[in-house]
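Each remark here refers to the structure printed beneath this line.
The values are calculated or read from the model by the stated rules, or taken from the named source; none is laboratory data. What you see is a predicted model, and the numbers here were worked out from it, not measured in a lab. Cβ atoms come from the backbone with ideal geometry, glycine included; neighbour counts cover every protein chain shown.
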Amino acid sequence: MSEPNSTTQATEANNPATAPETAPETAPEKTFTQAEVDSIVGKRIAKAMKGMPGEEELTAFRAWKESQQAEREKQEQRDKELSESKTALSAAQSELEQLKRERFLLDKGVPTGDVDYYAFKIGKLVTDTTDFEKAAEQFLKEHAPQEPAKPAGGVRVDFGAPLSGGKSSMTMSDYINMKLRGK
């Protein structure tokens, strides 16, 4: 049985392409004890964890992050309230200005029912150089308010028919009140 083996070796020696390459001699593998492996792993973990924060630092960071989020939410709420306050202030200032204009027009003799119309028309004439009062003076010169027709002095007309068959339905109390009022 050794013959086939020797012929195979002879064939391989003659044919270098089919001959297996002989591996260079390598150093035998070093074996480590468990303590040495633990020591190596411990050193590598310590090296990797060198820049990592500890558990206490992580807890503190998380608390800080939550406080920053809460602070941001508080700031957004304050900004929202400020915006609402500015809007309310603007509306109040506008209403105050409108009331001042109406008061001014009433003092100038504009009838109560026409104040809104006059304020609107005069408001269209207001510019950067002309304020409301100047525009009102000019408008009122051109469009003087008309005095409302006054009712006839003290005449009272009653279009109702008496229900008492032509007799006066005035009671004694009505008669006394009429005399007290000067009628």
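A few comments on the model shown:
Condition check ((1) surrounded by 11 or more Cβ atoms within 10 Å (Cβ to Cβ); (2) at pLDDT below 85; (3) assigned to a helix (DSSP H, G or I)) across all residues:
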| position | (1), (2), (3) |
| --- | --- |
| Tyr118 | yes, no, yes |
| Phe139 | yes, no, yes |
| Ala152 | no, yes, no |
| Gly165 | no, yes, no |
| Lys179 | no, no, yes |
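- Complete set of residues in the stretch 102-121 that are farther than 15 Å from Ala135 by Cα and touching a residue at least 24 places away in the same chain (Cβ under 8 Å): Gly109, Pro111, Asp114
- Test: residue in the stretch 69-86 that is out of contact with any Leu (no Cβ under 6 Å at 6 or more places or on another chain) and either touching a residue at least 12 places away in the same chain (Cβ under 8 Å) or within 30 Å of Glu142 (Cα to Cα) (or both): no
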